[in-house]
Amino acid sequence: MAPLGGSGNALSGGVGALIGRERRFAADAAHELRTPIAVVRSSLENLQLAPSQQESRLYIARAEEGLARLNTILQRMTEASRLEQGLRSAERERYDLVPVVRGCVEGYRLAYPNTRIALSLPERRLDIEGSPDLAAQLLDKLVENSVDCCGAGESIRVSLEEQGGEAVLSVENKGPLLPEDMQGRLFESMVSVRGERRPGAPHLGLGLYVARLIVEFHGGSISAANLPSADGVAVCARFPVAWR
(Lines give C-alpha, C1' and ligand atoms only; values in the text may rest on other atoms or scores of the structure.)
Protein backbone atom coordinates (compact mmCIF):
# COMPACT_ATOMS: atom_id res chain seq x y z
CA MET A 1 0.00 0.00 0.00
CA ALA A 2 2.92 2.37 0.54
CA PRO A 3 3.78 2.70 -3.17
CA LEU A 4 0.13 3.41 -3.93
CA GLY A 5 0.05 6.14 -1.32
CA GLY A 6 3.26 7.60 -2.69
CA SER A 7 1.88 7.64 -6.21
CA GLY A 8 -1.31 9.25 -4.95
CA ASN A 9 0.65 11.97 -3.20
CA ALA A 10 2.73 12.62 -6.31
CA LEU A 11 -0.39 12.79 -8.47
CA SER A 12 -2.06 15.13 -6.01
CA GLY A 13 1.01 17.33 -5.93
CA GLY A 14 1.19 17.45 -9.73
CA VAL A 15 -2.47 18.38 -10.05
CA GLY A 16 -2.09 21.00 -7.35
CA ALA A 17 0.89 22.53 -9.11
CA LEU A 18 -1.02 22.60 -12.40
CA ILE A 19 -4.05 24.25 -10.80
CA GLY A 20 -1.82 26.78 -9.08
CA ARG A 21 -0.03 27.62 -12.32
CA GLU A 22 -3.31 28.05 -14.19
CA ARG A 23 -4.67 30.32 -11.45
CA ARG A 24 -1.54 32.48 -11.60
CA PHE A 25 -1.80 32.62 -15.39
CA ALA A 26 -5.43 33.73 -15.15
CA ALA A 27 -4.56 36.40 -12.59
CA ASP A 28 -1.67 37.68 -14.72
CA ALA A 29 -3.91 37.74 -17.79
CA ALA A 30 -6.60 39.71 -15.98
CA HIS A 31 -3.97 42.25 -14.91
CA GLU A 32 -2.57 42.54 -18.44
CA LEU A 33 -6.02 43.01 -20.01
CA ARG A 34 -7.10 45.71 -17.56
CA THR A 35 -5.16 48.59 -19.19
CA PRO A 36 -6.24 48.16 -22.85
CA ILE A 37 -9.83 47.63 -21.74
CA ALA A 38 -9.66 50.91 -19.80
CA VAL A 39 -8.19 52.64 -22.87
CA VAL A 40 -11.04 51.45 -25.07
CA ARG A 41 -13.71 52.35 -22.50
CA SER A 42 -12.40 55.86 -21.84
CA SER A 43 -11.91 56.53 -25.55
CA LEU A 44 -15.51 55.57 -26.31
CA GLU A 45 -16.80 57.67 -23.42
CA ASN A 46 -14.83 60.71 -24.61
CA LEU A 47 -15.96 60.08 -28.18
CA GLN A 48 -19.55 60.65 -27.13
CA LEU A 49 -18.60 64.06 -25.72
CA ALA A 50 -16.17 65.13 -28.45
CA PRO A 51 -17.11 68.58 -29.75
CA SER A 52 -15.36 68.25 -33.12
CA GLN A 53 -14.56 65.68 -35.80
CA GLN A 54 -10.85 66.14 -35.14
CA GLU A 55 -11.22 65.09 -31.52
CA SER A 56 -13.56 62.27 -32.53
CA ARG A 57 -10.90 60.86 -34.86
CA LEU A 58 -8.35 61.06 -32.03
CA TYR A 59 -10.54 59.02 -29.67
CA ILE A 60 -11.40 56.53 -32.42
CA ALA A 61 -7.68 56.02 -33.09
CA ARG A 62 -7.00 55.45 -29.39
CA ALA A 63 -9.85 52.94 -29.17
CA GLU A 64 -8.49 51.09 -32.21
CA GLU A 65 -5.04 50.93 -30.61
CA GLY A 66 -6.58 49.48 -27.45
CA LEU A 67 -8.49 46.89 -29.47
CA ALA A 68 -5.34 45.94 -31.40
CA ARG A 69 -3.49 45.48 -28.11
CA LEU A 70 -6.29 43.30 -26.75
CA ASN A 71 -6.20 41.17 -29.89
CA THR A 72 -2.43 40.66 -29.62
CA ILE A 73 -2.68 39.76 -25.93
CA LEU A 74 -5.44 37.22 -26.58
CA GLN A 75 -3.53 35.65 -29.48
CA ARG A 76 -0.40 35.16 -27.37
CA MET A 77 -2.38 33.85 -24.42
CA THR A 78 -4.13 31.38 -26.75
CA GLU A 79 -0.77 30.20 -28.10
CA ALA A 80 0.56 29.54 -24.60
CA SER A 81 -2.65 27.79 -23.50
CA ARG A 82 -2.75 25.55 -26.58
CA LEU A 83 0.88 24.59 -26.08
CA GLU A 84 0.27 23.67 -22.45
CA GLN A 85 -2.66 21.47 -23.44
CA GLY A 86 -0.79 19.94 -26.39
CA LEU A 87 2.22 19.00 -24.30
CA ARG A 88 0.07 16.78 -22.11
CA SER A 89 -0.57 14.42 -25.03
CA ALA A 90 2.48 15.08 -27.23
CA GLU A 91 4.58 12.06 -28.25
CA ARG A 92 8.32 11.99 -27.74
CA GLU A 93 10.86 10.73 -30.23
CA ARG A 94 14.61 10.50 -30.38
CA TYR A 95 16.17 12.97 -32.80
CA ASP A 96 19.39 14.77 -33.65
CA LEU A 97 19.22 18.38 -32.43
CA VAL A 98 22.10 19.54 -34.69
CA PRO A 99 20.22 19.72 -38.04
CA VAL A 100 17.20 21.27 -36.28
CA VAL A 101 19.31 24.16 -35.01
CA ARG A 102 21.18 24.51 -38.31
CA GLY A 103 17.98 24.68 -40.36
CA CYS A 104 16.38 27.19 -38.00
CA VAL A 105 19.36 29.55 -38.10
CA GLU A 106 19.42 29.45 -41.90
CA GLY A 107 15.83 30.66 -41.80
CA TYR A 108 16.55 33.36 -39.21
CA ARG A 109 19.27 34.84 -41.40
CA LEU A 110 16.63 35.43 -44.05
CA ALA A 111 13.98 36.60 -41.60
CA TYR A 112 16.31 39.06 -39.81
CA PRO A 113 18.57 40.43 -42.57
CA ASN A 114 19.71 43.37 -40.41
CA THR A 115 20.99 41.12 -37.62
CA ARG A 116 24.16 39.06 -37.92
CA ILE A 117 23.67 35.56 -36.53
CA ALA A 118 26.76 33.50 -35.72
CA LEU A 119 26.38 29.74 -35.36
CA SER A 120 28.50 27.13 -33.60
CA LEU A 121 27.57 23.44 -33.88
CA PRO A 122 29.24 20.13 -32.96
CA GLU A 123 30.53 17.98 -35.79
CA ARG A 124 28.74 14.86 -34.56
CA ARG A 125 25.14 13.95 -33.75
CA LEU A 126 23.62 15.19 -30.53
CA ASP A 127 20.49 13.14 -29.85
CA ILE A 128 17.80 14.10 -27.34
CA GLU A 129 14.30 12.86 -26.54
CA GLY A 130 11.34 15.08 -27.35
CA SER A 131 9.89 16.79 -30.41
CA PRO A 132 11.97 18.43 -33.18
CA ASP A 133 9.05 20.73 -34.06
CA LEU A 134 8.88 21.94 -30.47
CA ALA A 135 12.66 22.40 -30.37
CA ALA A 136 12.36 24.64 -33.44
CA GLN A 137 9.59 26.60 -31.74
CA LEU A 138 11.80 26.97 -28.68
CA LEU A 139 14.65 28.38 -30.76
CA ASP A 140 12.20 30.72 -32.51
CA LYS A 141 11.30 32.23 -29.14
CA LEU A 142 14.89 32.55 -27.97
CA VAL A 143 16.12 34.19 -31.18
CA GLU A 144 13.12 36.52 -31.37
CA ASN A 145 13.88 37.58 -27.79
CA SER A 146 17.55 38.20 -28.64
CA VAL A 147 16.72 40.19 -31.78
CA ASP A 148 14.44 42.42 -29.70
CA CYS A 149 17.09 42.96 -27.04
CA CYS A 150 20.35 43.27 -28.99
CA GLY A 151 21.88 46.65 -29.63
CA ALA A 152 21.87 48.27 -33.06
CA GLY A 153 24.47 46.68 -35.33
CA GLU A 154 25.23 43.93 -32.82
CA SER A 155 25.21 40.22 -33.61
CA ILE A 156 23.54 37.20 -32.04
CA ARG A 157 25.39 33.98 -31.32
CA VAL A 158 23.64 30.61 -31.36
CA SER A 159 25.66 27.65 -30.09
CA LEU A 160 25.04 23.98 -29.40
CA GLU A 161 27.47 21.71 -27.60
CA GLU A 162 27.62 18.66 -25.36
CA GLN A 163 28.65 19.28 -21.75
CA GLY A 164 28.70 16.54 -19.15
CA GLY A 165 25.95 14.45 -20.68
CA GLU A 166 23.77 17.42 -21.61
CA ALA A 167 23.01 19.13 -24.91
CA VAL A 168 23.49 22.83 -24.19
CA LEU A 169 21.73 25.27 -26.52
CA SER A 170 22.70 28.89 -25.95
CA VAL A 171 21.55 32.15 -27.55
CA GLU A 172 23.63 35.22 -26.72
CA ASN A 173 23.15 38.87 -27.59
CA LYS A 174 24.89 42.12 -26.80
CA GLY A 175 22.64 44.72 -25.23
CA PRO A 176 21.02 45.76 -21.94
CA LEU A 177 21.80 43.61 -18.91
CA LEU A 178 19.22 41.77 -16.84
CA PRO A 179 18.45 43.17 -13.39
CA GLU A 180 19.59 40.67 -10.76
CA ASP A 181 16.09 40.29 -9.33
CA MET A 182 14.67 39.37 -12.77
CA GLN A 183 17.09 36.64 -13.83
CA GLY A 184 15.10 33.93 -12.07
CA ARG A 185 11.67 35.24 -13.10
CA LEU A 186 12.01 35.73 -16.86
CA PHE A 187 10.41 32.37 -17.64
CA GLU A 188 7.21 33.02 -15.70
CA SER A 189 4.10 34.04 -17.62
CA MET A 190 3.52 37.73 -18.32
CA VAL A 191 7.00 38.77 -17.15
CA SER A 192 9.24 40.91 -19.34
CA VAL A 193 11.98 43.49 -18.93
CA ARG A 194 12.03 44.53 -22.59
CA GLY A 195 10.77 47.70 -24.13
CA GLU A 196 8.08 47.43 -26.78
CA ARG A 197 9.23 46.81 -30.31
CA ARG A 198 6.56 49.06 -31.81
CA PRO A 199 3.89 51.37 -30.38
CA GLY A 200 0.95 49.46 -28.96
CA ALA A 201 2.63 46.03 -29.17
CA PRO A 202 2.60 44.43 -25.71
CA HIS A 203 5.55 42.44 -24.43
CA LEU A 204 3.97 39.85 -22.17
CA GLY A 205 6.95 37.65 -21.52
CA LEU A 206 4.96 34.73 -22.90
CA GLY A 207 7.69 33.86 -25.40
CA LEU A 208 10.12 32.80 -22.69
CA TYR A 209 7.31 31.18 -20.73
CA VAL A 210 6.54 29.03 -23.79
CA ALA A 211 10.28 28.31 -24.10
CA ARG A 212 10.33 27.02 -20.53
CA LEU A 213 7.37 24.72 -21.14
CA ILE A 214 9.08 23.21 -24.19
CA VAL A 215 12.39 22.69 -22.37
CA GLU A 216 10.62 21.03 -19.45
CA PHE A 217 8.78 18.76 -21.90
CA HIS A 218 12.25 17.59 -23.01
CA GLY A 219 13.24 16.94 -19.40
CA GLY A 220 15.62 19.88 -19.35
CA SER A 221 16.10 23.26 -17.72
CA ILE A 222 16.46 26.84 -18.92
CA SER A 223 18.18 29.87 -17.44
CA ALA A 224 19.22 33.41 -18.33
CA ALA A 225 22.27 35.33 -17.12
CA ASN A 226 24.36 38.34 -17.99
CA LEU A 227 27.47 37.62 -20.03
CA PRO A 228 30.78 37.53 -18.11
CA SER A 229 31.86 40.49 -20.25
CA ALA A 230 28.92 42.47 -18.78
CA ASP A 231 27.76 43.66 -22.19
CA GLY A 232 24.85 41.35 -22.95
CA VAL A 233 22.72 38.37 -21.99
CA ALA A 234 22.78 34.62 -22.64
CA VAL A 235 19.77 32.30 -22.45
CA CYS A 236 20.80 28.69 -22.02
CA ALA A 237 18.64 25.55 -22.42
CA ARG A 238 19.98 22.19 -21.24
CA PHE A 239 18.63 18.81 -22.37
CA PRO A 240 19.63 15.29 -21.29
CA VAL A 241 21.54 13.58 -24.07
CA ALA A 242 19.96 10.34 -25.37
CA TRP A 243 22.94 8.03 -25.58
CA ARG A 244 22.98 5.13 -28.00
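Considering only residues in region 82-102 that are touching a residue at least 12 places away in the same chain (Cβ under 8 Å) and part of a helix (DSSP H, G or I), the one that is most open to solvent (accessible area, probe 1.4 Å) turns out to be 102.
Specify which of the listed residues (223, 229) is more than 29 Å from residue 90 (Cα to Cα), hydroxyl-bearing (Ser, Thr, Tyr) and either at pLDDT 75 or above or assigned to a helix (DSSP H, G or I) (or both).
On the way: 223 fails: more than 29 Å from residue 90 (Cα to Cα).
Result of the check over 223, 229: 229.
State whether one or more residues within region 196-214 are of a type in the set (Val, Ile, Thr), open to solvent by less than 40 Å² (accessible area, probe 1.4 Å), under 16 Å from the mean Cα position of the chain (by Cα) and at pLDDT 65 or above. Among the residues of region 196-214, at least one is of a type in the set (Val, Ile, Thr), open to solvent by less than 40 Å² (accessible area, probe 1.4 Å), under 16 Å from the mean Cα position of the chain (by Cα) and at pLDDT 65 or above, which makes the answer yes. Residues of region 40-56 being in contact with a Phe, Trp or Tyr (Cβ under 8 Å, 6 or more places away or on another chain) and part of a helix (DSSP H, G or I), which ones? 43, 44, 46, 47 - these are the residues of region 40-56 that are in contact with a Phe, Trp or Tyr (Cβ under 8 Å, 6 or more places away or on another chain) and part of a helix (DSSP H, G or I).
From the residues in region 148-164 that are open to solvent by 30 Å² or more (accessible area, probe 1.4 Å) and not in a strand (DSSP E or B), which one is farthest from residue 175 (Cα to Cα)? Looking at the filtered set, the residue picked out is 164. Filtering region 113-140 to residues that are within 18 Å of the chain's Cα centre (by Cα), in contact (Cβ under 8 Å) with a residue 12 or more places away in the chain and open to solvent by 30 Å² or more (accessible area, probe 1.4 Å) leaves 132, 137, 140. Taking region 165-177 as the range and being out of contact with any helix residue (DSSP H, G or I) (no Cβ under 8 Å at 6 or more places or on another chain) and open to solvent by less than 20 Å² (accessible area, probe 1.4 Å) as the test, the residues that pass are 168, 170.
The values are calculated or read from the model by the stated rules, or taken from the named source; none is laboratory data. Computed from a predicted model, the values in this text were never measured in an experiment. FYI the Cβ positions are ideal-geometry reconstructions off the backbone, even for glycines, and counts take in every protein chain you see. We work out accessible area using only protein heavy atoms, side chains counted, and drop any ligands, DNA or RNA first. Shrake-Rupley method; radii C 1.70, N 1.55, O 1.52, S 1.80 Å.
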